[in-house]
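Just below is one structure, and these are the notes that go with it.
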Amino acid sequence: MPRLVDLSHEIEHGLETYRGLPPPVITEFMSRERSRDHYAPGTEFHIGRIEMVANTGTYLDSPFHRHADGVDLAGLELEQLANLEGIVVRAPYERGRAIDASAFAVLDVRGRAVLVNTGFDRHWRTERYFSGHSFLTEAAAAWLVAQHVALVGIDSLNLDDTADARRPVHTRLLAAGIPVVEHLTNLAALPDRGFRFFAVPPKVKGFGTFPVRAFASVEWCGRGCPG
């Protein structure tokens, strides 16, 4: 049986994912106590309510997030999001924030989900997470587009340098129809290759971004295994 590896952060009431965006508000629409008025004795249910922005927790961006004429969440094919052959690129943030095309140049990434393991996820839910994060350069994004990757993900605050208001990495990847996953975690638990990646959001029309339960299915563990 394959080993499943969870790559998502938990979403909870008050979680701050990105500085300046409101945290989710998680409440009840119907409590178990109130539900008893609607069902037979001994039968009760809980119906929750959540109010949140799309960019919460570990989430996926479709082209519509950046480009008005891009494909939205409802338009993405499952083949773009699930059972993707994956590859992990190790780029520890301690070695430098900017991740250039040279980090990928010797790898066969065509048609694969490319997951960038910086280790920056260790700062999740701390002040440190909101500054000095790892990011891809515009040259790296251009190279990944030219190689026809299937998806790009990272375990830090943003694929772009947030000091660059142009957001060139999002612009290039999403213009090419390549979905983006941000705020991944636990990538260190994956082998460098030999796994399948899944990050499927709800099929929401007119939305560009939504949280996902990202995970990997590890079929085997060869020379690329961590440790």
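No lab work stands behind these numbers, since they all come straight from the coordinates. Keep in mind the model is a prediction, meaning the values are calculated, not measured. Please note: Cβ atoms are built from the backbone with ideal geometry, for glycine as well, and neighbour counts cover all protein chains shown.
Data for the structure
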read-out	value
Coordinate range along principal axes, alpha carbons of the chain, Å, largest first	65, 44, 35
Distance between modelled label sites at HIS67 and GLU94, nm, 7 Å Cα→Cβ extension	3.9 nm
Against the rule of thumb 2.2 N^0.38 Å, how large the Cα Rg of the stretch 147-198 comes out	1.25
Evaluated over the stretch 1-88, the Cα radius of gyration and Dmax, each in Å	18.5, 53
Estimated [θ] at 222 nm from DSSP helical runs (n ≥ 4, -39500 (n - 2.57)) normalised by residues in the chain, nearest 500	-2500 deg cm²/dmol
Inter-site label distance for ALA176 and VAL53 at 7 Å from Cα along Cβ, in nm	2.7 nm
Magnitude of the charge dipole, the chain, Cβ model with Lys/Arg +1 and Asp/Glu -1, debye to 20	260 debye
Net lengthening on full extension, ALA82/LYS205 (0.36 nm per residue, minus Cα-Cα)	42.4 nm
Residue-wise HN-Hα coupling along the stretch 203-215, computed from phi with Karplus coefficients 6.51, -1.76, 1.60 (Hz; x: Gly, Pro)	8, 9, 7, x, 10, x, 9, 6, x, 10, 9, 6, 7
Extension gain, SER217 back to LEU4 (0.36 nm per residue minus Cα-Cα distance, nm)	76.2 nm
Chain lengthening between THR162 and VAL106 when straightened (0.36 nm per residue, less Cα-Cα)	17.4 nm
Signed unit charges on C-beta, dipole axis of the chain, positive-most listed residue ALA54, GLY132, PHE29	GLY132
Ranked by how many other beta carbons lie within 10 Å on average, peptides 95-101, 162-168, 173-179 from highest	173-179, 95-101, 162-168
